[in-house]
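Comments concern the structure below.
The values are calculated or read from the model by the stated rules, or taken from the named source; none is laboratory data. Remember, predicted model here, so these are calculated numbers, not experimental data. Every residue, glycine among them, receives a Cβ derived from its backbone with ideal geometry; neighbour counts consider all protein chains shown. Quick note on the areas: whole protein, heavy atoms, side chains included, nothing else; ligands and nucleic acids left out. Shrake-Rupley method; radii C 1.70, N 1.55, O 1.52, S 1.80 Å.
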Amino acid sequence: MSLKAQLEAIIYATETPITIEQMTALVKDTVIADGISGDGEIKSRVRSCVEELVGQYGSEDHGIEIRQVAGGYRMSTKPEQHDMVRSFAKSLKPPIRLSLPALETLAVIAYKQPVTVPEINDIRGVDSGGVIGTLLDRKLITTSGRKQVIGRPILYKTTKEFLMRFGLKDVNELPSMEEFEKLVAESFQSELMPAESAAQPEQAEPGNGPASAAAEADAVAQPVAEAPEQRE
């Protein structure tokens, strides 16, 4: 990957303005591999690439720009695009909020599908019936017929919405269990509700309503890297 591409990715991903010094430390090995040595020359090369990126994103062909903010650099939507981004933000579905039991149940279904509630309970060691309804409401799982055993319990599997949430082409792209747990934490940690209800310990808390999404429109229309949702 070229130095400019690395710097572009870093600026895109940063949540707060990132300085030339911070970027230099991150890409130093790449610059050295290009035959440039000396801290001053390396920093100068990084600054030059960043300035090139600023110029490229400043053209009319881009809806976002790289701005210098508080001593660092960050990507933002251009002012002339704010109304469009604000309208888009208002159309977004509210973020999903799930309890930890719901996340555990979702993981079991993802890796054991199609699977029944009794089978999920055996794996988790607790009753998962309460959170199945939550996952169905969130369209993260769906029914998949009935298992041909006594009682014919309902089978459950993940949905297209699940794949979209985790950026997967299909279930064959599911990572290892360890990687999946990390992915779950990164995707939902900021959306977890603090505590479960005493009356319904496994019931997920409700998500934000449309009014909340509208209230956050201005924030979403600002720096690209601040958007909480998985970029698709």
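Of the residues 118, 20, 75, the one whose Cα sits farthest toward the positive end of the charge dipole of the stretch 1-137, with +1 on the Cβ of Lys and Arg and -1 on the Cβ of Asp and Glu, is 118.
On the basis of the beta-carbon distance and an R0 of 22 Å, residue 126 and residue 147 show a calculated FRET efficiency of 0.60. For residue 61, the solvent-accessible surface with a 1.4 Å probe is about 140 Å², rounded to the nearest 10.
Among residues other than residue 80 whose Cβ falls under 15 Å from its Cβ, what is the net charge (Lys/Arg +1, Asp/Glu -1)? Display every interim value, and only then the final one.
Working: positive: 67, 78, 86; negative: 60, 61, 65, 83.
Spelling it out: positives minus negatives among the neighbours equals -1.
A simple spin-label model places the labels of residue 154 and residue 168 2.1 nm from each other, with each point 7 Å out along Cα-to-Cβ.
Please state the relative contact order of the stretch 49-106 as a whole percent: Cα pairs under 8 Å, 6+ residues apart? Write down the numbers at each step before the final one.
Values: 30 pairs, mean separation 10.2, N = 58.
RCO, the stretch 49-106: 18 percent.
Looking at the stretch 6-36, the GluC sites (Glu not before Pro) that sit in a DSSP loop and have at most 13 other Cβ atoms within 10 Å of their own Cβ are 15.
Which order do 4, 78 take by accessible area at a 1.4 Å probe, largest first? If you can, show how the numbers build up before the last one.
Working: 4 55, 78 10 Å².
Descending accessible area places them as 4, 78.
Mind checking the dipole of the stretch 1-105: about its Cα centre, +1 per Lys or Arg Cβ, -1 per Asp or Glu Cβ, Debye to the nearest 20? Please report the intermediate quantities before stating the final value.
Details: 12 positive and 15 negative charges, 88 e Å.
I would put it at about 420 debye.
The mean accessible area for residues of the stretch 25-126, using a 1.4 Å probe and ignoring ligands and nucleic acids, is 56 Å² per residue.
Put 18, 154 in order of accessible area, largest first, 1.4 Å probe: what do you get? If you can, show how the numbers build up before the last one.
Numbers: 18 15, 154 55 Å².
I get 154, 18, largest accessible area first.
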